[in-house]
Amino acid sequence: MSATTTRTDPPLNAERSPAERSELLLWIHQRITAEYGTVPLVPRREAMHELISTILSQRTNARDEDEAYRELRLLGDWDAIAAAPVEVVAHAIRRSNYAEQKAPRIQATLEAICKERGSYDLEFLADMTPQEGLKWLTALPGVGVKTASLVLLFNYAKPVFPVDTHVHRIDTRVGTIPKMGEAAAHKALLALLPPDPPLLYELHINLLRHGQRVCTFNNPKCGKCVLRERCDAYAIYGDAVPPFKG
């Protein structure tokens with residue numbers, strides 16, 4: 001199928017009803033779980049580590065994120081990091097892209113948490129509703145809905161759905177959501193998914209894996225994709241799906 005091919009009948013997934021797109025998301029979950037395996041919802045690290053590492057992970061690969069976090073913690077405890085010269089923090093996290101922008105945000109986030117809570121213990125989030133937790137976390141400097149959702153789902157099993165660049169790209173291409181930004185996609189996708197934290201976690205992790213290995217930004221490997229039979233992008237472009245434009 002060529003890049004100029006159009007498809008109007010049947011309608012694309014993105015044009016279908018919410019109920020149909022909800023069913024499509026559950027089908028995606030089944031397909032990619034069969035492909036990549038089950039993923040139990042077990043916290044991978046404590047909540048402050050998750051919060052700061054997620055800030056570091058923005059536009060940064062996992063290896064550089066981990067190295068940036070390791071060097072950041074060499075500066076001392078959270079109080080020491082908050083009080084350090086911003087250029088020292090930026091140097092410590094230099095493996096993370098946009099370190100000069102992230103350093104002051106991390107310090108401002110640490111200062112805000114300590115000022116409000118008197119410590120860096122985030123366990124109070126376990127007793128909050130998902131909406132309360134999102135509101136509290138996104139009020140912190142430099143913390144967006146993706147970072148807040150990751151902490152709440154990964155650490156406290158709250159029914160929220162983090163949308164990173166891989167999740168956003170795959171769902172837009174398949175058509176579970178019409179074209180929209182990542183921030184809007186959090187609410188749109190969550191409305192289509194059951195409030196089941198283990199499912200939400202497993203779907204997030206396996207979509208990330210699929211985005212890294214198959215449904216890549218450039219030159220997606222559609223021939224290997226277990227979702228292609230119901231993918232809008234494949235229906236339109238076949239094996240010539242263009243680079244993703246979010």
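Pick from SER119, SER57, SER96 the residue whose mean-square fluctuation is largest in a GNM of the chain, springs joining Cα atoms under 10 Å. With Cα springs under 10 Å in the chain, the top fluctuation among SER119, SER57, SER96 is at SER119. Computed on the Cα trace of the chain, the radius of gyration divided by the Kirkwood hydrodynamic radius gives Rg/Rh = 1.01.
Taking only the alpha carbons of the range 33-108, we obtain Rg and Dmax values of 14.0, 48 Å in that order. When chymotrypsin sites (Phe, Trp or Tyr not before Pro) are flagged only if DSSP places them in a loop and at most 15 other Cβ atoms lie within 10 Å, the longest unflagged stretch of the chain comes out as 99-216. Between the residues GLN107, ALA14, TYR156, the greatest Cα displacement towards the positive end of the dipole of the chain, with unit charges on the Cβ of Lys, Arg, Asp and Glu, is found for ALA14. Compactness check for the range 107-163: Cα Rg over 2.2 N^0.38 Å is 1.04. If R0 equals 45 Å, the separation of the Cβ atoms of ARG117 and VAL226 corresponds to a calculated FRET efficiency of about 0.55.
Our compactness index for the range 102-246, the C-alpha radius of gyration over the empirical 2.2 N^0.38 Å, is 1.18.
With r as the distance between the Cβ atoms of ARG94 and THR138 and R0 = 25 Å, compute the FRET efficiency 1/(1 + (r/R0)^6) and round to 0.05. Provide the component values of the computation, followed by the final result.
On the way: r = 27 Å, r/R0 = 1.07.
The formula returns an efficiency of 0.40 here.
Projected onto its three principal axes, the C-alpha set of the range 66-114 covers 26, 20, 17 Å, listed from the longest axis down.
What percentage of the solvent-accessible surface of the range 86-228, computed with a 1.4 Å probe over protein heavy atoms, is contributed by carbon and sulfur atoms? Display every interim value, and only then the final one.
Working: 3340 of 6180 Å².
Summing carbon and sulfur atoms, their accessible area is 54 percent of the total for the range 86-228.
Restricting attention to the range 76-235, lysine pairs at least eight places apart or on different chains and with alpha-carbon atoms under 16 angstrom apart total 8.
Cβ neighbours within 10 Å, averaged per peptide: list 86-92, 164-170 in order, most packed at the top.
Numbers: 86-92: 16.7, 164-170: 21.3.
So the order, starting with the most tightly packed, is 164-170, 86-92.
Accessible surface calculations at 1.4 Å, restricted to protein heavy atoms, place the chain at 48 Å² per residue.
The values are calculated or read from the model by the stated rules, or taken from the named source; none is laboratory data. What you see is a predicted model, and the numbers here were worked out from it, not measured in a lab. Cβ atoms come from the backbone with ideal geometry, glycine included; neighbour counts cover every protein chain shown. Accessible surface is based on the protein model in full, side chains and every heavy atom, while ligands, DNA and RNA are left aside. Shrake-Rupley method; radii C 1.70, N 1.55, O 1.52, S 1.80 Å.
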